[in-house]
Amino acid sequence: MTDTSTSATLYQRLGEGAGIAAVVDTLYRLIMEDANLAPYFASTRLVEQKRHMALFLAAATGGPNGYKGLDLDAAHAGRGITDADFDRVIGHAATALGEAGVDSETINAVAGALMPLRAQVVTAPSGR
């Protein structure tokens with residue numbers, strides 16, 4: 001499924017658009033099965049959310065930049081997302097990537113690309 005050659009971009013290593021779309025589908029299945037995370041998406045149109053996430057991940061991993069959604073700060077403002085919630089999503093992303101046949105080196109690279117976003121996503125006051 002993935003191109004693991006050293007010259008491949010992270011986007012290519014994830015299987016490009018189709019690979020990312022499959023991972024995003026699995027990611028949101030895992031999120032919606034998670035009692036801690038599902039409430040954040042109770043009033044979210046998941047089809048649109050998945051499309052935004054796939055476009056965002058494509059751009060973030062070196063693919064085409066078709067993402068036209070809110071910036072991360074605006075999208076997560078006031079949602080009360082905790083560090084633990086962020087870590088749960090990263091864990092589910094790793095699981096989704098693994099289920100898609102992505103190798104551990106690429107999974108680590110994706111996690112490494114997502115971890116710096118914590119400050120823009122975590123909006124709960126410290127100690128919550």
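The values are calculated or read from the model by the stated rules, or taken from the named source; none is laboratory data. Since the model is a prediction, treat every value here as computed from it, not as a measurement. Please note: Cβ atoms are built from the backbone with ideal geometry, for glycine as well, and neighbour counts cover all protein chains shown. The accessibility values were calculated without ligands, DNA or RNA, using every heavy atom of the protein model including side chains. Shrake-Rupley method; radii C 1.70, N 1.55, O 1.52, S 1.80 Å.
Here V122, V110 are screened, and the one residue that is closer than 17 Å to M53 by Cβ and either open to solvent by less than 50 Å² (accessible area, probe 1.4 Å) or not β-branched (V, I, T) (or both) is V110. Here E99 qualifies as closer than 14 Å to L14 by Cα and among the charged types (D, E, K, R). Figure legend. Inter-residue proximity from segment 104-121: first residues polar (S, T, N, Q), second residues open to solvent by less than 50 Å² (accessible area, probe 1.4 Å) and assigned to a helix (DSSP H, G or I), beta-carbon distance below 6 Å, spacing 6+ or different chains. Indicated pairs: T106/R13; Q120/L72. Residues of segment 65-76 that are surrounded by 12 or more Cβ atoms within 10 Å (Cβ to Cβ) and either under 14 Å from the mean Cα position of the chain (by Cα) or in contact (Cβ under 8 Å) with a residue 12 or more places away in the chain (or both): Y67, G69, L72, A75, H76.
Rundown of residues vs (1) touching a Leu at 6+ places or on another chain (Cβ under 9 Å); (2) at pLDDT 95 or above; (3) closer than 20 Å to V121 by Cβ; (4) not in a helix (DSSP H, G or I), yes/no style:
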{"position": "S7", "(1), (2), (3), (4)": "no, no, no, yes"}
{"position": "A35", "(1), (2), (3), (4)": "no, yes, yes, yes"}
{"position": "H52", "(1), (2), (3), (4)": "yes, no, yes, no"}
{"position": "A94", "(1), (2), (3), (4)": "no, yes, yes, no"}
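Checking every residue in segment 85-97 against the condition of being over 18 Å from L117 (Cα atoms), touching a residue at least 60 places away in the same chain (Cβ under 8 Å), in contact with a helix residue (DSSP H, G or I) (Cβ under 9 Å, 6 or more places away or on another chain) and surrounded by 19 or more Cβ atoms within 10 Å (Cβ to Cβ) gives at least one match.
The set of residues from segment 15-33 being part of a helix (DSSP H, G or I) and charged (D, E, K, R) comprises E16, D25, R29.
Scanning segment 32-64 for residues that are among the acidic types (D, E) and touching a residue at least 24 places away in the same chain (Cβ under 8 Å) yields a single hit, D34.
Residues of segment 98-107 being part of a loop (DSSP other than H, G, I, E, B) and surrounded by 14 or more Cβ atoms within 10 Å (Cβ to Cβ), which ones?
First pass over segment 98-107, keeping only residues part of a loop (DSSP other than H, G, I, E, B): 100-103.
Within segment 98-107, A100, V102, D103 qualify.
The residue that is surrounded by the most Cβ atoms within 10 Å (Cβ to Cβ), counting only those in segment 13-64 that are in contact with a Ser or Thr (Cβ under 8 Å, 6 or more places away or on another chain) and over 17 Å from A94 (Cβ atoms), is G63. Evaluate the following for R79: is it open to solvent by 50 Å² or more (accessible area, probe 1.4 Å), outside any loop (DSSP other than H, G, I, E, B), under 22 Å from P125 (Cα atoms) and in contact (Cβ under 8 Å) with a residue 40 or more places away in the chain? Judged against the criteria, R79 is not a match.
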